[in-house]
Amino acid sequence: MSEFKKVFPEGFLWGGATAANQVEGAYDVDGKGLSTADMVKFVPKAERTADHALDVTRAEIDDILAGKVDATFPKRFGVDFYHHYKEDIKLFAEMGFKTFRLSLNWARIFPNGDDAEPNEKGLAFYDAVFDELLKYGIEPLVTLSHYETPLNLTLKYNGWADRRVIGFFTNYAETVFKRYKDKVKYWLTFNEINVISLSPYTGGGVLTEGAENPMQLCYQAAHHQFVASAIATKLCHEISPDAQIGCMLARMTTYPATNNPDDVLKAQYENQMNLFFTDVHARGKYPSYMNRFFKENNITIQKEVGDDEILKEHTVDFISFSYYMSLSATASPEGDRTAGNLMGGVKNEYLESSDWGWQIDPKGLRWTLNDLYTRYELPLFIVENGLGAYDKVEEDGSIHDDYRIDYLRKHIEQMKEAIADGVDLMGYTSWGPIDLVSASTSEMSKRYGFIYVDQDDEGNGTLARSRKDSFAWYKKVIATNGEDLA
Ligand code: BG6
């Protein structure tokens, strides 16, 4: 019996992924306005009450703005990519990147979100970054919104809970599509759009404290983002016909904890709650399984005339997603819990965990790719995957991150299997090719990079960049188009 060839297609887009608020720094430079991320303070592990620390209340924001909070705000300084982008891109080029995923910080371009005119200095910064990438033949892959809602939109409108934000966003999207149409061929609308239902402040600048039904606010905000995403898709296709635009989901692949039918149903429910977001983007309509969920949770989505048509007519060109781990669900209240990316589950005894308790599951990636491709028959793009770990710098400055190489190798092997299974996979951008500030905990010590950055959780350090062992390994992987993973 002949075996299917396990090879990556020609032109496969290898690279790395970042977000403006986690790398750029320069939070108040060259006319940038404040964003929601700039309000998130670092909370040391011992003081954290949950696995993550990223939600902020209105009272806290008021105190921060009044200068009453003495804390470190790591997303304000990132790793100073704003002033180091040439050096960083050179290192990406040395690894042979074909693509680099970054987000535009909306508040750098429209400082208040609702301004009539953009900030030229903000636009010029991204021009310079794109030019630098293109100089090395690296295609920019650009996310329009990655946890960086202009703070003014939260204070004035409660973020995406207010329909008017659709108009501000489409103005922003139109501005950047026109400006960068000759430089950018791959766009994503909202990073991990499902996060609006898990952390509405992070996903959409929405404050829910005091709300009668917080879930109503979240899903209404999600509706506004769906409509905005569809309008952006339309605009992108009109302005830049050669470009492709996709949606982005934090895929929370969930297994039943046992073969008890109650667990199986629970897992199906969790998967539906997650895939709802790609269902709307790819199929152009709300799936019927949400009707019951909305009814039982007293949620009524306010739609305007024309919304359904916009969603239907402007579906995405491809589906992108992040994948770090899998989860397991049980209908029983018992069972050991485990942490995850904003969402935990019950422990899966067959899997190992990262230093942060995320359950490592490379084969789950193969399953996920097959499942998504069967469901949508659209090209897929893995735009985040990686291992957050503590790294040790040896006396000679070297960093032997074989655990990271092992994680990535096993996931890439499963991507090959999925391609042999028939999945159309466009590319792979591992998360945090350079160490950056963690989204969920604002730690620097949770490192993902091939490139080490000398900076600690409080922002102390020289910011010097150095190559970890994984740097040379990933370079070889790209040079051989995924053939040599040793
Ligand atoms: C994804 C986000 O959820 O996971 C990134 O899109 C984030 O912004 C990444 O950084 C890893 O999560 P964390 O919390 O380890 O930074």
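Scanning the range 176-187 turns up no residue that is away from the ligand (no atom under 16 Å from the Cβ), at pLDDT below 95 and of a type outside the set (D, E, K, R).
If the condition is being surrounded by 15 or more Cβ atoms within 10 Å (Cβ to Cβ), basic (K, R) and over 22 Å from the mean Cα position of the chain (by Cα), then the range 380-423 contributes only K416.
Among the residues of the range 202-217, the ones that are farther than 21 Å from V383 by Cα, of a type outside the set (D, E) and open to solvent by 10 Å² or more (accessible area, probe 1.4 Å) come to 9 in all.
Scanning the range 321-332 for residues that are out of contact with any helix residue (DSSP H, G or I) (no Cβ under 7 Å at 6 or more places or on another chain), away from the ligand (no atom under 11 Å from the Cβ) and farther than 11 Å from P256 by Cβ turns up just one, S332. For the range 9-32, a tally of residues being open to solvent by less than 10 Å² (accessible area, probe 1.4 Å) and part of a loop (DSSP other than H, G, I, E, B) returns 5. Can you pull out the residues in the range 176-197 that are open to solvent by 10 Å² or more (accessible area, probe 1.4 Å) and under 12 Å from S240 (Cα atoms)? Result: K178, R179, K181, D182, K183, K185, Y186.
So which of L342, L369 ends up being more than 14 Å from the ligand (Cβ to nearest atom), open to solvent by less than 40 Å² (accessible area, probe 1.4 Å), under 28 Å from P256 (Cβ atoms) and touching a residue at least 40 places away in the same chain (Cβ under 8 Å)?
Working: L342 fails: more than 14 Å from the ligand (Cβ to nearest atom).
Checking each option against the conditions leaves just L369.
If the condition is being in contact with a Lys or Arg (Cβ under 9 Å, 6 or more places away or on another chain) and closer than 23 Å to G427 by Cβ, then the range 351-364 contributes I360, P362, K363.
Scanning the range 312-339 for residues that are open to solvent by 10 Å² or more (accessible area, probe 1.4 Å), at negative phi, outside any strand (DSSP E or B) and not β-branched (V, I, T) turns up K312, E313, H314, D317, Y324, A331, S332, P333, E334, D336, A339.
Which of the residues belonging to the range 203-236 are assigned to a helix (DSSP H, G or I), under 22 Å from E296 (Cβ atoms) and either among the hydroxyl-bearing types (S, T, Y) or touching a residue at least 24 places away in the same chain (Cβ under 8 Å) (or both)?
Our first condition is that a residue be assigned to a helix (DSSP H, G or I); within the range 203-236, this holds for 203-204, 214-236.
Subset that is under 22 Å from E296 (Cβ atoms): 214-223, 226.
Those that are assigned to a helix (DSSP H, G or I), under 22 Å from E296 (Cβ atoms) and either among the hydroxyl-bearing types (S, T, Y) or touching a residue at least 24 places away in the same chain (Cβ under 8 Å) (or both): M215, Q216, L217, Y219, Q220, A221, A222, H223, F226.
Evaluate the range 40-48: report whether one residue or more is in a helix (DSSP H, G or I) and crowded, with 21+ Cβ neighbours inside 10 Å. So far as the range 40-48 goes, no, none of its residues is in a helix (DSSP H, G or I) and crowded, with 21+ Cβ neighbours inside 10 Å. Selection within the range 75-96: residues that are under 19 Å from the mean Cα position of the chain (by Cα) and crowded, with 22+ Cβ neighbours inside 10 Å. The member of this set that is farthest from D457 (Cα to Cα) is F81.
The values are calculated or read from the model by the stated rules, or taken from the named source; none is laboratory data. Only a predicted model underlies this, so the values are computations on that prediction, with no experimental measurement involved. No Cβ is skipped: glycine too gets one built from the backbone with ideal geometry, and neighbour counts run over all protein chains shown. Heads up: the accessible areas ignore ligands, DNA and RNA and are worked out on the full protein's heavy atoms, side chains in. Shrake-Rupley method; radii C 1.70, N 1.55, O 1.52, S 1.80 Å.
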